[in-house]
1. If I ask for residues that are of a type outside the set (Lys, Arg) and either free of Cβ contacts under 8 Å to residues at least 12 places away in the same chain or not in a strand (DSSP E or B) (or both), which ones from the stretch 53-68 would you list?
2. Kindly list the number of the only condition in (1) farther than 30 Å from residue 223 by Cβ; (2) surrounded by fewer than 16 Cβ atoms within 10 Å (Cβ to Cβ) that fails for residue 42.
3. Considering only residues of the stretch 158-174 that are surrounded by fewer than 19 Cβ atoms within 10 Å (Cβ to Cβ) and closer than 12 Å to residue 239 by Cα, which is nearest to the ligand (Cβ to nearest atom)?
4. Please find, among 15, 61, 48, the residue that is small (Gly, Ala, Ser), closer than 26 Å to residue 264 by Cα, surrounded by fewer than 18 Cβ atoms within 10 Å (Cβ to Cβ) and not assigned by TED's automatic domain parsing to the domain that holds residue 227.
5. Is there any pair with a first residue in the stretch 108-137 that is of a type in the set (S, T, N, Q) and a second that is surrounded by fewer than 20 Cβ atoms within 10 Å (Cβ to Cβ) and in a helix (DSSP H, G or I) whose Cβ atoms are under 7 Å apart and which are 6 or more apart or on different chains, and what are they?
6. Residue 48 versus (1) on the phi > 0 side of the Ramachandran plot; (2) touching a Ser or Thr at 6+ places or on another chain (Cβ under 9 Å): which is the lone unmet condition?
7. Restricting to the stretch 67-112, name every residue that is surrounded by fewer than 21 Cβ atoms within 10 Å (Cβ to Cβ) and under 18 Å from residue 224 (Cβ atoms).
8. Scan the stretch 232-260 residue by residue and report those that are more than 8 Å from the ligand (Cβ to nearest atom) and farther than 16 Å from residue 86 by Cβ.
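The values are calculated or read from the model by the stated rules, or taken from the named source; none is laboratory data. Just so you know, these numbers come straight off a predicted model, no measurement behind them. Cβ: placed from backbone, ideal geometry, glycine included. Neighbour counts: every protein chain shown.
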Amino acid sequence: MSDPRLLIDQALSDGAEIALDEAQTRHVGTVLRLEVGDGLRVFNANEGEWRAKVAAKSKRGMSVRVETQLRPPRAVPDLDLLFAPVKRHATDLIVEKATELGVRRLRPVITQRTIAETVRLDRLSAIAREAAEQTERFDAPEISEPVSLARALDGWDASRLLIYADEQGDETSAPWGGQRGRAPALLEILGRSKARLTPGERHAESVEARRDSAPPLALLIGPEGGFTIEERAMLRALVFVRPVSLGPRILRAETAVIAALSVIQAAWGDWR
Ligand code: SAH
């Protein structure tokens, strides 16, 4: 098994000795039981991933010595996830899976039917860091303070398409809004929006170039109870919003996050 990975906020360089904070000391010393001289990998978004060794371990704390660089940093695609916080376990799952699936920013939004207990940002950020360590990425996603949906949409940079997962049709009296007015499939929307790029970008040769040519994107998934009629009308009226269907079955919010992110990364992201 390869050496455990640890996300370090300080700068990494050849020979640097870095003191671990309390949570890191607990993780490395108590959970992983590493001793002086044991190897690990340290990483961050700026300096990439480095081989390191435990340099000191005592009651006062632990430190690691950075040795050589193993991999230069590489950014995840410019993809934001806007999600309505759900029950605690499901929110934790959303944060963990979105990190594994390469989301750059996590943006909790409060919608009319959001029933979230309070959003604990410290807890979510610890989950994101742990997932980043496990999943071989170089950064943990940024997690912003929860804001209302209206506030998140206000002042939106229109060059970032907002893919809005909308399971409903337009017929208010029919179950799930009937068939009329249903959003097109996610893949279809990704295909159409991509066609708007310049041919040079579309036919870029290298994987890197293709990934970097994908315009910035965001995904919006609603709460357990879905969006209200007013929210749906407001979202559909915005020029940068693309309503999409994730198929004929109603998914739980956390499943919708995982399914949609997988399709986006396969079609537009870095799964190549
Ligand atoms: N409206 C429902 C279910 C909401 S599911 C209810 O009242 O119970 C939670 C969120 O997942 C939705 O807001 C939507 O963003 C997304 N979602 C779930 N299934 C979907 C589907 N088949 N197509 C598009 N979005 C879906």
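1. Here is the first cut: in the stretch 53-68, the residues of a type outside the set (Lys, Arg) are 54-56, 58, 61-64, 66-68.
Selection gives 58 alone.
2. (2)
3. Within the stretch 158-174, the first condition is being surrounded by fewer than 19 Cβ atoms within 10 Å (Cβ to Cβ), and the residues that meet it are 158-160, 169-174.
Going one step further and asking which of them are closer than 12 Å to residue 239 by Cα, we end up with 158-160.
On the way: 158: 21, 159: 23, 160: 18 Å.
If we take residues in the stretch 158-174 being surrounded by fewer than 19 Cβ atoms within 10 Å (Cβ to Cβ) and closer than 12 Å to residue 239 by Cα, then 160 is nearest to the ligand (Cβ to nearest atom).
4. Working: 15 fails: closer than 26 Å to residue 264 by Cα; 61 fails: closer than 26 Å to residue 264 by Cα.
Within the list 15, 61, 48, the selection yields 48.
5. 111/231; 112/231; 135/100
6. (2)
7. Restricting attention to the stretch 67-112, the residues satisfying the condition of being surrounded by fewer than 21 Cβ atoms within 10 Å (Cβ to Cβ) are 67-75, 77-78, 87-90, 92-93, 96-97, 100, 102, 104-105, 107, 110, 112.
87, 88, 89, 90, 92, 93, 97, 110, 112, listed by residue number.
8. Across the stretch 232-260, the qualifying residues are 232, 233, 234, 235, 236, 237, 238, 239, 240, 241, 242, 243.
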